[in-house]
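Q: Sharing a structure, written as C-alpha cells. Questions coming.
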C-alpha cells in the first residue's frame, strides 16, 4: 500500500502501477427496435416575473406616498410651540434694612478671602536665628521671589513625573515656598500648595497622602504622628535617623495640614536630634495663619 501523499509539501509523486490486463467482453447486442414518436415538451413561463412586478408596484407606492405627504405638510401652517412652563420669579419690593441683613464673614475667619490674595503672605514667619537658603531638596530647585512652579515642586519627590501628572489632574493652582537655614546643617522648608476652586477636597487628600508618606519614615513609637492641634487634621512626624558609614547622621521631620483649598507642608533636617516642640510650634503657627 502506497502511503505517499502528493498533496503534502515536499512529497514526491510516484507513478501508479498500470493495472493488469483483463479481457474485455463484448456487450451482447440487443435487437434493434423502431424509435417511438414522442410529443414535444410544453414551454414553461419564466420564473420571477410576477415578483418583480409586485416589487416595482410597492416601490412606486412608497415614493408616491412620501411625496404626497411632503406636499400636504408644506401647505399646512406652522404649529406654534407650547409656552415654557415656569413660575414667575418673585422679588421683594424693597431691600431689607441694614439691621436685618446678614453680617458678612469677617476676613480673618474667611479662608477664601485670605487665600485668594498674595499666598506668600500666608507663609509662616522665619524662625529666630534662621536666614534665607538657596535650596533644601537634593534634586529640587530654589524658589523665585517666594514662588515655586508645580514642575519645580515635583522635582522634590523621588518620582517627579507621577507627582506632576497628579498635581495637574487634581487642579493645582500655585505654590508659595521658603527655604531657611541656621548654622551649617539645620534647614527648614515651607510649602503652601493651593488648588483651584471646586477642588477643596484635593487639599485634604494631598495632606493625607503626605501624612501617610511621612508615617512610613518615622521612628518607632511615632508611626501615626502627633497632632499639631486637636481636631485640626494636621500632624507632625520625626523620622528615623539616616545614618551611613562615612556620612553625617541626618535627622529629619515633617508637619502636614490643610485649611480650605491650601495644604501646608513643612520639612525639617539637622545633623543633631530635632526638637519635637519646635516642630509642633512652627506647624501650629503656620496652621493659624491659614
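Read-outs: derived from the displayed coordinates by stated rules, not from any lab. Since this is a predicted model, take the numbers as computed values, not measurements. Reconstructed Cβ throughout: ideal geometry from the backbone, glycine too, with neighbour counts over all protein chains shown.
Q: Please say if region 140-262 is rounded, prolate or oblate, where rounded means a/c under 1.5 for a ≥ b ≥ c the square roots of the C-alpha gyration tensor eigenvalues, and otherwise the choice is prolate for a/b larger than b/c and oblate otherwise?
A: Details: a/c = 1.79, a/b = 1.29, b/c = 1.38.
Here region 140-262 falls in the oblate category.
Q: Expressed as a rounded percentage, what relative contact order does region 124-289 have, with Cα pairs under 8 Å and six or more residues apart? Can you show the working numbers first?
A: Working: 317 pairs, mean separation 32.2, N = 166.
Computed value for region 124-289: 19 percent relative contact order.
Q: May I ask you to order 71-80, 267-276 by the average number of other C-beta atoms within 10 Å around their residues, highest value first? Intermediate values should be presented prior to the final figure.
A: Numbers: 71-80: 6.9, 267-276: 16.3.
By packing density, highest mean first, the sequence is 267-276, 71-80.
Q: Another question, if that's okay. Which order, highest average first, do 280-289, 188-197 follow once you tally other Cβ atoms within 10 Å for each residue and take the mean per peptide?
A: 188-197, 280-289
Q: Using a Förster distance of 30 angstrom, determine the FRET efficiency expected from the C-beta separation of residue 243 and residue 213, and round it to 0.05. Numbers along the way, then the final one.
A: Values: r = 21 Å, r/R0 = 0.69.
Working from the Cβ atoms, E equals 0.90.
Q: Between residue 79 and residue 144, what is the label-to-label distance in nm when each label sits 7 Å out along the Cα-to-Cβ direction?
A: With each label placed 7 Å out from Cα toward Cβ, I get 6.5 nm.
Q: Same structure again: Please work out how much length the chain gains when fully extended from residue 169 to residue 276, using 0.36 nm per residue of separation minus the C-alpha to C-alpha distance, in nm with one decimal.
A: Numbers: separation 107, 0.36 × 107 = 38.52 nm, distance 3.46 nm.
Value of the extension gain: 35.1 nm.
Q: Order of 125-132, 174-181 by packing, highest average Cβ count within 10 Å first? Walk me through the numbers before you get to the answer.
A: Details: 125-132: 11.6, 174-181: 20.4.
With the highest mean Cβ count within 10 Å placed first, the list reads 174-181, 125-132.
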